[in-house]
Structure formats: C-alpha cells, structure tokens
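Colleague: Pasting a structure here, questions to come.
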Amino acid sequence: MASGRSDFKRKSSSQYLLQCRNATILFVGVPQCSDECADYNVSTKVFWGCRIVYLMIKHPPTRLALQHFDATYSGQLGKIWPSVRVALLSERKYGALLNHFSNHNVLEDLQSQGCSDFISYRDEEGRCFCPQHPVFRVSTRRHLCGLLSHYLMDAASVLPCLALDVQEGHNVLDLCAAPGGKTLALLQTQSISFLCVNDASVSRTMRLRKVLNSYVPKEFLTNEKLRITSFDGTQWGDIERNTFDRVLVDVPCTTDRHSLMEDDNNIFSKNRIGERRRLPQLQAELLLAGIQAACPGGEILYSTCTLSQSQNQSVVEQAVFVVSLRPLTQMFQNTFYFAPDLRLGEMVLPHLTSNFGPIYMCKLRRLT
Ligand SMILES: C[S@@+](CC[C@H](N)C(=O)[O-])C[C@H]1O[C@@H](n2cnc3c(N)ncnc32)[C@H](O)[C@@H]1O
C-alpha cells in the first residue's frame, strides 16, 4: 500500500488520473469525496491483467466532523451528548408534508404505515405526517393536475414555518430558500399575500424553481404573488428595507446530520475550512439583513440545522427582542425532543425515540 498526498487529477466527474513515480498514468475510480485537497491512501490490485487503483481518503470529512462535534458538543450538551450522538449517527426519520395543492390522496397509504399528522390541531391545510418507525416509504405521486402529492423532509423543519405564524395578507421574505422545503410549508397556509424567495446560489435557485413548479399551481407562481431572486442575502438591507411582515432566515450552517453522513459536499472537507470558520459571521450578516428587511413590528425567524452554540444563540444574541416559542414547543412535546433550558430560542434534539432534527429556531421582533 502506498500512501501520500493526492496527486491525482480530475478528468471528468467519474474519471481521475493518477500520476505515479514511474510516470504511468492510471485510470482510477471515483474517490469517495470531492475534496481534492485531501490526503489519500493508495492501493493497487491486479485483476484480469488490469491494474485497479483504489483511493481511500485518510481523513474523511465525516470523521473530522464527528471529532469536531465530540470536542464541542460534549461540553455544550453535557450528559445528553452521548444519546444525541447515537441518534445523529442513526437513520433519521422523515415527515411527509402533504401538498394541499395536489388532490392526490396519499392519506390512506400514510396512515397504513402508521403515520400520524402532528399539525392537524391548527388547520387542515398544513398537514405533516410523521412515521412511527424510521423507515418510511410512500413514494410521491403526481396527480392528474401534474402536482406532486407530498414532500419528504425532516418533520422538525416545519416548526420554523409554524413559528413564523404567517397571517392573512402578509408579505413574506424567505431569504435563504433553496431547495425549498420551508417555502413549500409556508405556501401551504395560503395566507401569504406576497412571497419573495431568495437564494444566493444560482444552481440551488434553479432547484427551488423546479420544486415550486412540481408542487404549486401556476396561478400561485405569478409575479404578483411570488418573486424568485438570487441575490446575496447579506445585501438585502440595500435592496429592500422595512418591507416584510415576516422574514425567514434559514441560514447556511454546518448541517450536522449531513456532515456526519456524507463525505461529498461536506463542509468539514479540508478545502472548506475557511468557509466553515466564516459561517457565524455570514449567519450574523444574514440575520441583520433579515431584520432590516422586516417592517417595524414585523417578525423574523432565524433557524439552522446545527447544534452549534456559536451558530445559534451567539448569532442571535445580537438581536434585540426575542419572542418566546415555549407555547409552540409545549404543543409538540410528544412529537419532538426539545433541548431543556436553552438560554435563547428552542432546539429539537435528535433522540432515538423521536429521531428528528437538529433544528434550532429563534423568533425575533423588530421594535422600531
Ligand atoms: C439551510 S439552506 C436553506 C434550506 C431551505 N430554507 C429549505 O428549507 O429548503 C441555506 C441556503 O442558504 C443559501 N445561502 C448561502 N449564502 C447565502 C447568502 N449570502 N444569501 C442568500 N442565501 C445564501 C445556500 O445556497 C443554501 O441554499
């Protein structure tokens, strides 16, 4: 087995060339991670006269993420960290957000799998079904109208949308909206008068557009009702101030579950260290831009899918007035496992008995 810094070159998305000492260029398979700065262990095998080269990443980003989480979350969460850790490393549960715009009836299928609706208390529009078991297979169906029946997402992701508490006639901004799960949840209420969905990434905005076209009727996607933009959200204060009744600021973060499970596109990759370190600054700038975009008396919901205090409470501490979400968490205490005694905001903790999250959320009110 050879070992050393990678000196392979990407030829295409599935082909890599490895330059060896004797100048032989070998065709190799896809490494397990897109981190081209990573160190690899290289091993070769001869099979039917062909030399096959295996690249094994030495420090997979998933392992670096786990080391980082062990170091920070054990202090932050204390004695509950071991059980949260096991849950994070186990198969997550999904919830099915029913698409109320599609008339496809998947209710029976969902109920036959033991799924129950956890938001029906509110109205018939915003139904989200949670399974009893992690394994949950009800494929999305396309109704005759062309729209899909339901959207699979972490059920805890619906909470920030409920907490935003959109009322009839509201103007709403979803500042970091792609791929669009929360946008869809917001649209299900049908209360919104005007929705602006934005994401800085052009490719992710295209994905968002596709999601909206698959779930929302064309008459709701007109310029009068919906605007899709691809601006840097931190600049929103220069674009449109004092405008929106509700602003959702669902910021980029270390996406803890993804970072533990997928080496590809992982923020703990060595070539993304700078980006990861800059996250709290970016998050604070996005939150401040969201606050500027809200009209006086408007409300802002900040959310992440990380357990990290420096990306959650520390970012929010810069905001002025924090609205209590205790009534909401009490309502859902049988469905989600909420972190006890959080100083600011609320957090759904992954737990083996209810393996959703992590979702952090904090509701702010602009005073002037
Ligand atoms: C956590 S994801 C949003 C998930 C989305 N709200 C949903 O429910 O599907 C964060 C998003 O922020 C976007 N983003 C990153 N930097 C941004 C910026 N400066 N302005 C606006 N969006 C940004 C990323 O492209 C990413 O799509």
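Colleague: Show me, for the range 149-157, the HN-Hα J-couplings you get by feeding each phi into the Karplus relation (A = 6.51, B = -1.76, C = 1.60, θ = phi - 60°), rounded to Hz, glycine and proline as x.
Modeller: Listing the rounded values in order: 6, 7, 10, 7, 8, 4, 4, 5, 5 Hz.
Colleague: Once amide H atoms are built 1.01 Å from N in the peptide plane, which residues 5 or more positions from residue 323, or in another chain, come under 5 Å H to H?
Modeller: Residues meeting the amide H criterion: 363, 364, 365.
Colleague: Test of understanding: what is the full-extension gain from residue 365 to residue 271, defined as 0.36 nm times their sequence separation minus their Cα-Cα distance? Walk me through the numbers before you get to the answer.
Modeller: Values: separation 94, 0.36 × 94 = 33.84 nm, distance 3.74 nm.
Answer, rounded to one decimal: 30.1 nm.
Colleague: Can I ask one more? Using the Cα atoms of the range 89-365, I'd like the radius of gyration and the largest Cα-Cα distance, Dmax, both in angstrom.
Modeller: Values for the range 89-365 (Cα only, Rg and Dmax): 17.8, 51 Å.
Colleague: Given C-alpha coordinates of the range 205-311, what is the ratio Rg to Rh with the Kirkwood estimate of Rh?
Modeller: My calculation of the ratio gives 1.02.
Colleague: In whole percent, what relative contact order does the range 249-317 give with Cα contacts below 8 Å and a gap of six or more residues?
Modeller: Working: 62 pairs, mean separation 32.4, N = 69.
Once normalised by length, the contact order is 47 percent.
Colleague: Calculate the spin-label point distance for residue 219 paired with residue 318, positioning each point 7 Å from the Cα along the beta-carbon direction, and give it in nanometres.
Modeller: Placing both labels 7 Å beyond Cα along the Cβ direction yields 4.3 nm.
Colleague: Among 46, 197, 84, which comes first, then next, by fewest other beta-carbon atoms within 10 Å? Let's see the in-between values first.
Modeller: Values: 46 8, 197 26, 84 23.
Neighbour counts put them in this order, fewest first: 46, 84, 197.
Since every read-out is calculated from the coordinates, none of them should be taken as a lab result. If you're wondering where the values come from, they're calculated on a predicted model, not measured in any experiment. Because the Cβ atoms are built from the backbone with ideal geometry, glycine has one as well, and the counts that use them run over all protein chains shown.
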